[in-house]
Amino acid sequence: MPDTQLNLKDVLKEEQKAKLSAIDKDFYEKAHVLFKEIKNNIDRTNPDEDGVKYNILTSDLNVAKINFESILEIRMGKIVKEASIRKSLKQKEQHEPENLIPEEKKLYDVMFGALNEWRSKKLHDEKKVTVPESVATKKVEPCVDLKKDFMLVRMLITIPTFVGSDMRNYTLRKEEIATIPVANARALISKNAAVQIGVK
């Protein structure tokens, strides 16, 4: 059984850097053990007899899961980015990303293979198409679809600052209305920390 001394807040802080941070090889297992321990403490606490402790433990569990999901989203994004870069440079074998743990190495290999297959197919298709010069030289600006990539939510509780999947810091307070990345919004909603606000 792994040592469960794990500070998700510190790990999340390190993940704000551009590169993958160094984490324990059994990080994901430790995180799930941590959740189980907090949940067991909640189950052993009677909310009618010790409501303060019960509320603190429940809040700790919600914050821990939100931090964990933020770490997961950020690391996944970095792994996909690294696989894409190394595919374009043909550097998979020589320069694998630093600080990958075994579970993430599997994801990296799958992404690298998928990108290789997709790129090969597109290059094959490209040979069949003649692209007008005006189109080939046109600069394409990146576009963010707010309705697709972000969600409007109202906070039900106050949570500590976290890093969103868009790599921005968010500090959200109870009753605050905010637009945040969909992945983070769904995580908050699933923990009863927020509710979605419909936009017509």
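The values are calculated or read from the model by the stated rules, or taken from the named source; none is laboratory data. This is a predicted model, so every value here is computed, not measured. All Cβ positions, even for glycine, are placed from backbone atoms using ideal geometry, and neighbour counts span all protein chains on display.
The set of residues in the range 159-200 being out of contact with any Pro (no Cβ under 6 Å at 6 or more places or on another chain), surrounded by 12 or more Cβ atoms within 10 Å (Cβ to Cβ) and among the hydroxyl-bearing types (Ser, Thr, Tyr) consists of Tyr170, Thr179, Ser190. Of the residues making up the range 176-191, those that are in contact with a helix residue (DSSP H, G or I) (Cβ under 6 Å, 6 or more places away or on another chain) and either of a type outside the set (A, V, I, L, M) or not in a helix (DSSP H, G or I) (or both) number 1. Flag set for Ile71, criterion: assigned by TED's automatic domain parsing to the domain that holds Phe35 and modelled with pLDDT of 80 or more.
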